[in-house]
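The values are calculated or read from the model by the stated rules, or taken from the named source; none is laboratory data. Given the structure is predicted, the values throughout are model-derived calculations rather than measurements. Virtual Cβ from ideal backbone geometry, glycine too; neighbours counted across all protein chains shown. The accessibility values were calculated without ligands, DNA or RNA, using every heavy atom of the protein model including side chains. Shrake-Rupley method; radii C 1.70, N 1.55, O 1.52, S 1.80 Å.
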Amino acid sequence: MRKMFLLCKKGANFALLEHMFGIAIFLLAYFYPMMTLYTVDNWPTQRWPNFAQREMICSHSGECRLDPTSMDCLQRLRNTVGLPLPVSSAYRSPDHPVEISKERGGSHTLGQAFDVVCRGATAYKVVSVAMDAGFTGIGVAQSGEGRFIHLDTITHLDDFPAERPTIWSY
């Protein structure tokens, strides 16, 4: 951006500036996840055939804001595992009670996290394939009744306080 400003000051031609701005926007969109607001009407069923928009909405706000690249990772994981992967939590609005209790919103507020309900052999398979599917954060909750695997795609580019890649248990 600074280079574009300097070119503008020197009287560079407008087409060059427009081209450089386009490249900057492309790089920003490519390297920085963008959340998309999904509704029942614009849910890309062909892209993510094994998941429904209703699984991904925030239970507090009713919104469904997801990073499409993260959803692609979830679909890739589902294709590889070859078993249903029910999602108990995906997008959470910043006003969600779980998120309000935190000092800073978690990966669910960025539309980059999913809690997949599974146990036993399925949980083992999910964890063993998750990194190859593109997940960088894996949380394992495999005791008691509410067993799940947390999966997220947070990277250093997200200005997130937790280290990635990493794995943890609840």
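Highest mean first, what order results for 161-169, 127-135 on Cβ atoms within 10 Å?
Sorting 161-169, 127-135 by mean packing, highest first, produces 127-135, 161-169.
Where Lys and Arg each count +1 and Asp and Glu each count -1, what net charge lies around Ser59 among other residues with Cβ under 15 Å from its Cβ?
The answer is -2.
Please give the length that would be gained between Lys102 and Tyr124 if that part of the chain were fully extended, namely 0.36 nm times their separation in residues minus their C-alpha to C-alpha distance (nm, one decimal).
This chain segment gains 5.0 nm when fully extended.
Express in Å², to the nearest 10, the accessible area of Phe51 obtained by rolling a 1.4 Å probe over the protein heavy atoms while all chains stay in place.
Taking all protein chains as shown, Phe51 has close to 10 Å².
With every protein chain left in place, what is the accessible area of Val117 in Å² (1.4 Å probe, nearest 10)?
About 70 Å², rounded to the nearest 10.
Leaving out ligands, DNA and RNA but keeping every protein chain, what accessible area does Arg147 have, in Å² rounded to the nearest 10, with a 1.4 Å probe?
Accessible area, nearest 10 Å²: 70 Å².
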